[in-house]
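The values are calculated or read from the model by the stated rules, or taken from the named source; none is laboratory data. Remember, predicted model here, so these are calculated numbers, not experimental data. Note that we place each Cβ from the backbone using ideal geometry, even for glycine, and neighbour counts take in every protein chain shown.
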Amino acid sequence: MKKPNLEEKEFIKQNIEANTTKLLLQAPTENIDIKLCVTQIEGIKKAEEKFPSLIQSNELIYPKKINLEQTSSEQTAKYKASIFPLDSTLRDLTSGFGIDDIFFAQKLKKVYYHELDLTLAEIAEYNFQELGLTNIEVIKGNSLNMLKELEPTDIIYLDPSRRDENQKKVFLLEDCQPYVVDILPKLFEKANTIALKLSPMLDIKQAIRELINIKEIHIISVKNECKELFIVLEKGYNNEIEYHCINIETNQQTNQFIFKNSQTPPQLAPKSQLQRGVYLFEPNSSVMKAGGYHEICEHFEVRKLAPHSHLFVSEKLIEDFPGRRFIIKTILPYNNKIIKTLSTRFPKANITIRNFPQNVSEIRKRTSVKEGGEEYLFFTTNSENEKIIISCEKLQ
């Protein structure tokens, strides 16, 4: 591991907003390793985006950009650290740059960091020291090869690599390394709790089919963008899975909806209920990913527009609904007459589709409604399988 010298630190400071591609084309300079400086500049920019609190008063060292891409954000790492008891010990078998371990260490009793890439491990170890984290023990080498010799801990954590041999992104469990399904029995010999950070693209039903002893599934979104599936397994657990739908909002507040899945279909809204003054609700991305539509209906006393139209209505305003809230202004049928005049009614509008045969760009092309403005249009299908347009006002 090479640390920037004083001249390189000054170069980084002076070029923090520079085009890194152009910097790499510069002629070599004595006492300045351009490649090292570019790596640090790119790392700082990524850190400002993903974990800003760690760089406010610390001089961290960064690895190559590819090592930072799978790194957790500060928001998701803090949330995961909040799940477990404070006196827990945790062993991270695929630590990488170690951001999750930093936040685990701020909450938990002891964290064991394991990393196969020796350079990456040296960088992480330096950063842990810089951050004053004395409860992280760094172990270099292949954690799976030494699994038999490792001391038991309360929790084993894995974030399997989601890149194939050609560095292309993958998300299926069988394509990630290590393949956790094969090694779960060995992991349960060393910990009663196994925690897995998985791709937000992974189908939850597929994960349930492949994994055993799932106790909790945490679907973590930031600003309504699904970022991680965090699955907690417990040795011998065979009861209902608990779903935690998490959305970390712009103000850092966390919106949370917890449920245990039901096979009962959600209650549908009759066509007559869709009228001016009724409230319309759109679940956030975590709820959508979890598919907890019956539970939404039951908990909030709302009705679903149609079996595959993931929108809900109620005569009552629900302040704590986990998603966006609107009040209906107009319901329009989707037909040629309405389409021809829609841009006259709504020159600009925010368009959303739910259970509708056309995508947003096709609708804009056909209707000439431009993007933006204060109007919100939902193109969807009602309980009688009719295509409709719902004009709404968004509520804060």
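In the set (1) within 24 Å of Asp154 (Cβ to Cβ); (2) surrounded by fewer than 22 Cβ atoms within 10 Å (Cβ to Cβ); (3) in contact with a Leu (Cβ under 7 Å, 6 or more places away or on another chain), Leu202 fails one condition alone, (1). Taking the criterion of being under 25 Å from Leu377 (Cβ atoms), hydrophobic (A, V, I, L, M, F, W, C) and more than 18 Å from the chain's Cα centre (by Cα), the residues of the stretch 251-297 that qualify are Leu268, Ala269, Leu274, Val278, Leu280, Phe281, Ile296, Cys297. When Gln256 is tested against the conditions (1) touching a Gly at 6+ places or on another chain (Cβ under 9 Å); (2) over 25 Å from Leu332 (Cα atoms), the lone failure is (1). Scanning the stretch 213-233 for residues being surrounded by fewer than 17 Cβ atoms within 10 Å (Cβ to Cβ) and in a strand (DSSP E or B) gives a total of 1. Taking helices (runs of 4 or more DSSP H) as the structural unit, those lying wholly within the stretch 275-388 and holding at least 2 residues that are in contact with a Cys (Cβ under 6 Å, 6 or more places away or on another chain), polar (S, T, N, Q) and under 30 Å from Ile231 (Cα atoms) correspond to 285-290.
Taking every residue in the stretch 365-388 that is outside the structural domain of Val313 (by TED's automatic domain parsing) and pairing it with any residue that is in a helix (DSSP H, G or I), at least 6 positions away or on another chain, yields no pair with a Cβ-Cβ distance below 8 Å. Condition check for Lys205 on (1) touching a helix residue (DSSP H, G or I) at 6+ places or on another chain (Cβ under 9 Å); (2) closer than 30 Å to Leu144 by Cα: one failure, at (1). The conditions of being outside the structural domain of Leu108 (by TED's automatic domain parsing), surrounded by fewer than 21 Cβ atoms within 10 Å (Cβ to Cβ), in contact with a Lys or Arg (Cβ under 8 Å, 6 or more places away or on another chain) and free of Cβ contacts under 8 Å to residues at least 40 places away in the same chain are not met by Leu86.
Residue-wise test of (1) buried (at least 16 other Cβ atoms within 10 Å of the Cβ); (2) under 24 Å from Leu202 (Cβ atoms); (3) under 24 Å from the mean Cα position of the chain (by Cα); (4) of a type outside the set (Val, Ile, Thr).
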{"residue": "Ser73", "(1), (2), (3), (4)": "yes, yes, yes, yes"}
{"residue": "Ser95", "(1), (2), (3), (4)": "yes, yes, yes, yes"}
{"residue": "Asp101", "(1), (2), (3), (4)": "yes, yes, yes, yes"}
{"residue": "Phe104", "(1), (2), (3), (4)": "yes, yes, yes, yes"}
{"residue": "Leu116", "(1), (2), (3), (4)": "yes, yes, no, yes"}
{"residue": "Glu130", "(1), (2), (3), (4)": "no, no, no, yes"}
{"residue": "Asp159", "(1), (2), (3), (4)": "yes, yes, yes, yes"}
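In the stretch 73-128, of all residues being among the acidic types (Asp, Glu) and in a helix (DSSP H, G or I), the one that is modelled with the lowest pLDDT corresponds to Glu74.
Taking the listed residues Gly98, Gly141, the one that is in contact with a helix residue (DSSP H, G or I) (Cβ under 7 Å, 6 or more places away or on another chain), at positive phi and outside the structural domain of Ile12 (by TED's automatic domain parsing) is Gly98, with no other qualifying.
Checked against (1) among the polar types (S, T, N, Q); (2) in contact with a Gly (Cβ under 7 Å, 6 or more places away or on another chain); (3) surrounded by fewer than 21 Cβ atoms within 10 Å (Cβ to Cβ), Asn284 meets all criteria but (3). Per the conditions (1) over 24 Å from Phe188 (Cβ atoms); (2) buried (at least 16 other Cβ atoms within 10 Å of the Cβ), the sole criterion not satisfied by Lys110 is (1).
Does Leu36 meet the test of being exposed (fewer than 15 other Cβ atoms within 10 Å of the Cβ), over 28 Å from the mean Cα position of the chain (by Cα) and touching a residue at least 12 places away in the same chain (Cβ under 8 Å)? No; evaluated as a whole, the condition is false for this residue.
For the stretch 241-268, a residue qualifies if it is out of contact with any helix residue (DSSP H, G or I) (no Cβ under 6 Å at 6 or more places or on another chain), at pLDDT below 95 and assigned to a loop (DSSP other than H, G, I, E, B), and the qualifying residues are Glu249, Thr250, Asn251, Gln252, Gln253, Asn261, Gln263, Pro265.
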